[in-house]
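Just below is one structure, and these are the notes that go with it.
The values are calculated or read from the model by the stated rules, or taken from the named source; none is laboratory data. Computed from a prediction, not measured in an experiment: that's the story for all the values here. Please note: Cβ atoms are built from the backbone with ideal geometry, for glycine as well, and neighbour counts cover all protein chains shown. Please note that ligands, DNA and RNA were not included when accessible areas were found on the heavy atoms of the full protein model with its side chains. Shrake-Rupley method; radii C 1.70, N 1.55, O 1.52, S 1.80 Å.
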Amino acid sequence: MSLLSTVTIREVTETIVELGLVDPATPAGNLPPECFDETLDYFGDTAGTALASLLDELGIRYTLDYKTFRGINDAGDDRESWYREELERIAACTRGLITITEVQLVGDEEDQKLTFLCNGRPVDWPVDPGDDEAVEASLTFASYISDLTPDDSAERWCDIDPYDPDYSAEAFFADPQALRQLGERFGVTFTD
């Protein structure tokens, strides 16, 4: 019998809290009460997908799929809002350690960049307006997310192996050592 079908969500969330990955109130605030007595396979059929899905529910996982920016090249004046909302999704996974402000698209129709402040520091990411913008935006967000880190914290964006094939990109915001300790128990590798 695998650990996936024997360990309860309560046990896993207690470990997650003990490792400092989330605060003690997060599991009760984010998960339905009836799921705590279920086994981890409630969240997925492999250790990687189940653990990733649980961490998603606990608010420290950012995912990006091929549809995230679909239609952005037709959004006109709403493109900037689209990028802002996606950056806000990223910041939400950091439990307040990263703030994103002053999001703007700057440049002309052929040469643009996305500018914003991350914890007060100026950041700019490339934007490729036009027919391929959705693909390029996804690549940019997947490639540059790891640069968004707080100055005074050990917490960083981490990757998971095996990754969830349902997403183009996924990243977990936490202390890499704590994630590695959690992953070791389930045969999942987290890297920063």
Within the group 42, 62, which residue is in contact (Cβ under 8 Å) with a residue 60 or more places away in the chain and of a type in the set (Ser, Thr, Tyr)? 62
Scanning region 128-161 for residues that are assigned to a strand (DSSP E or B) and open to solvent by 20 Å² or more (accessible area, probe 1.4 Å), the one farthest from residue 72 (Cα to Cα) turns out to be 161
Subset of region 177-192 that is touching a residue at least 12 places away in the same chain (Cβ under 8 Å) and in a helix (DSSP H, G or I) - its residue that is farthest from residue 3 (Cα to Cα): 177
Can we say residue 71 is exposed (fewer than 13 other Cβ atoms within 10 Å of the Cβ) and either closer than 17 Å to residue 168 by Cβ or at pLDDT 95 or above (or both)? yes
Restricting region 44-59 to residues that are assigned to a loop (DSSP other than H, G, I, E, B) and within 20 Å of residue 89 (Cβ to Cβ), the residue that is least open to solvent (accessible area, probe 1.4 Å): 58
Within region 162-185, considering residues that are in contact with a Gly (Cβ under 8 Å, 6 or more places away or on another chain) and under 13 Å from residue 48 (Cα atoms), the one most open to solvent (accessible area, probe 1.4 Å): 163
